[in-house]
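Worksheet for the structure shown next.
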Amino acid sequence: MIVIMQPGAKPEEIDSVIREIERFGFRAFENPGVERKVLAVLGEVNLDKADLVDHFNAMPGVTSCQLISNPWKLASRTYHPEDTIVEVGEARFGGGFASVIAGPCSVEDLDQMRASAKAAKAAGARALRGGAFKPRTSPYSFQGLGEEGLKMLAQVRDEIGLPIVTEVLSEEEVALVDRYADVLQIGARNVQNYALLKAVGMLRKPVLLKRGFGTKIKDFVMSAEYLMAGGNLNVILCERGITTFEDSCRNTTDINAVPVLKKLTHLPVILDPSHATGKSEYVPSIARAGLAAGCDGLMIEMHPDPAHAASDGAQSLNPEAFSALMSQLHRIADAVDVRM
Ligand code: PEP
Ligand code: MN
């Protein structure tokens with residue numbers, strides 16, 4: 001349920017609506033970024049909803065009280081009709097802006113990160129990615145450099161000037177990753193790790209939340225709601241391919257998810273064509289499709305030497321292929337009226 005206040009509602013009127021929301025046992029959530037004052041009423045509604053709506057509608061200063069039929073409230077377009085724009089450095093996602101995040105799957109060493117950052121920046125990417133904590137299918141595969149990797153990312157950010165996006169794998173590591181990252185990534189395997197979502201929801205730094213390979217869109221949005229319920233409204237949703245019967249690629253790109261998510265929520269939606277396809281030769285095609293479909297950005301794996309990458313080399317573009325793709329993407333952005 002949301003309570004929309006009149007534009008000129010007095011602070012006392014807003015306060016008494018908040019007190020009333022709390023008297024019923026709910027939590028009132030005020031979004032400071034929204035021009036029209038909308039109070040989200042959070043909690044399980046076991047009372048008669050129609051009576052509640054009538055009750056709040058009758059309060060001074062209230063324009064209207066509406067039920068939100070979906071289980072997500074703060075992520076809902078009903079609560080927040082305008083697109084949310086998430087900004088970090090010069091990167092902007094949503095509201096007609098689409099930025100590209102590029103870099104290797106894993107941080108390997110300083111030279112590799114420096115070369116990646118230079119190539120990413122030269123081609124027009126607005127953020128650098130690189131995993132220091134890696135979620136690998138096999139415990140014997142490269143697990144990432146941990147804090148050493150975070151330090152390399154931070155050093156390269158300072159040298160080259162691109163904000164850094166890096167994954168946090170567990171609740172215990174949130175404080176550590178938060179110390180270095182500009183955007184915290186929650187990966188496909190952790191999309192329903194509610195303890196992790198709650199911990200990252202307590203931060204105010206942007207979060208890049210990836211859809212799981214077997215996660216329904218509605219469950220994905222509920223995971224974003226976990227972050228937002230903690231007060232972190234800077235959430236970027238990332239479609240990265242799902243598991244289907246089709247095995248010609250690593251995953252199947254669910255391009256439908258782009259318009260569906262943008263209808264259900266006000267959050268920026270980006271696409272990761274690298275994990276979606278698993279093969280560098282298909283990445284440009286799916287990246288172009290994503291931008292044309294209305295994505296608010298892309299996350300693309302790019303490595304200075306893909307053949308020797310510690311992880312995901314097969315799906316990583318080399319700097320030349322990345323740069324060629326970026327010039328095509330700029331032309332698509334113009335065609336669909338998006339600022340890149
Ligand atoms: C990644 O971005 O490197 C990654 C591990 O992605 P996903 O969580 O989508 O598999
Ligand atoms: Mn990867």
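The values are calculated or read from the model by the stated rules, or taken from the named source; none is laboratory data. Keep in mind it's a predicted model, so treat the numbers as computed, not measured. Ideal geometry is used to build each Cβ from the backbone, glycine not excepted, and the neighbour counts take in all protein chains shown. Accessible surface areas use protein heavy atoms only, side chains included; no ligands, DNA or RNA. Shrake-Rupley method; radii C 1.70, N 1.55, O 1.52, S 1.80 Å.
Computed values, structure above
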read-out: Relative contact order (%) - region 2-66, alpha-carbon pairs under 8 angstrom, separation at least six; value: 47 percent
read-out: Rounded, prolate or oblate (a/c below 1.5 giving rounded, otherwise prolate when a/b exceeds b/c) for region 86-335 by Cα gyration tensor; value: rounded
read-out: Global geometry of region 215-340, whether rounded, prolate or oblate, following the gyration tensor of its Cα atoms and the 1.5 cut on a/c; value: prolate
read-out: Shape of region 210-286, Cα gyration tensor, a/c cut at 1.5; value: prolate
read-out: Residue (of His266, Val45, Ala188) at the positive-pole extreme of the chain, dipole from beta-carbon charges; value: His266
read-out: All lysines inside 17 Å of Lys218 as judged from Cα atoms, apart from same-chain residues fewer than 8 positions distant; value: Lys73, Lys210, Lys262, Lys263
read-out: Portion, in percent, of the accessible area of region 2-66 that falls on carbon or sulfur, probe 1.4 Å; value: 49 percent
read-out: Average accessible area per residue (Å²) across the chain - probe 1.4 Å, nucleic acids and ligands excluded; value: 42 Å²
read-out: Length added when fully stretched, Glu246-Asn57, from 0.36 nm per residue minus Cα-Cα; value: 62.9 nm
read-out: Dipole-positive endmost among Ile300, Leu74, Phe245 within the chain (Cβ charges, Cα centre); value: Phe245
read-out: Check: the chain dipole with +1 on Lys, Arg Cβ and -1 on Asp, Glu Cβ, in debye; value: 320 debye
read-out: Radius of gyration and Dmax over the Cα atoms of region 1-131, both given in Å; value: 21.6, 64
read-out: Nearest-0.05 FRET efficiency for Lys218 and Arg136, computed from C-beta distance (R0 35 Å); value: 0.75
read-out: Order of exposure, largest accessible area first, which applies to Thr265, Thr252 with probe 1.4 Å; value: Thr252, Thr265
read-out: All aspartates and glutamates inside 13 Å of Lys118 as judged from Cα atoms, apart from same-chain residues fewer than 8 positions distant; value: Asp158, Glu159, Glu320
read-out: Relative contact order, percent, the chain [alpha-carbon distance under 8 Å, six or more residues apart]; value: 16 percent
read-out: Only Lys, Arg (+1) and Asp, Glu (-1) charged, at Cβ; region 2-66 dipole about Cα centre in debye; value: 140 debye
read-out: Beta bridge orientation in region 197-291: antiparallel %, DSSP, nearest 5; value: 10 percent
read-out: Distance (nanometres) between label positions extended 7 Å along Cα→Cβ at Glu30 and Lys263; value: 3.5 nm
read-out: Calculated FRET efficiency for the pair Asp158/Lys49, C-beta based, R₀ 41 Å, to 0.05; value: 0.20
read-out: Distance cut-off 15 Å, percentage of C-alpha pairs in region 2-66 lying past it; value: 44 percent
read-out: Pairwise label distance in nanometres, Gln6 with His330, each label 7 Å out on the Cα-Cβ vector; value: 5.2 nm
read-out: Largest-first ordering by accessible area, 1.4 Å probe, given options Glu246, Glu90; value: Glu90, Glu246
read-out: Solvent-accessible area, 1.4 Å probe, carbon plus sulfur percent, for region 248-333; value: 55 percent
read-out: Region 68-164, dipole about Cα centre (Lys/Arg Cβ +1, Asp/Glu Cβ -1), debye to the nearest 20; value: 260 debye
read-out: Inter-label distance for Leu176 and Ile85, nm, one decimal - labels placed 7 Å from Cα along Cα-to-Cβ; value: 3.6 nm
read-out: Over region 74-173, relative contact order from alpha-carbon pairs under 8 Å, at least 6 apart, %; value: 26 percent
read-out: Between helix 147-160 and the chain: long-axis angle, C-alpha atoms, 0 to 90°, nearest 10; value: 90 degrees
read-out: For region 211-240 versus region 33-79, the gap between their alpha-carbon centres in whole angstrom; value: 21 Å
read-out: Length added when fully stretched, Tyr194-Glu148, from 0.36 nm per residue minus Cα-Cα; value: 13.9 nm
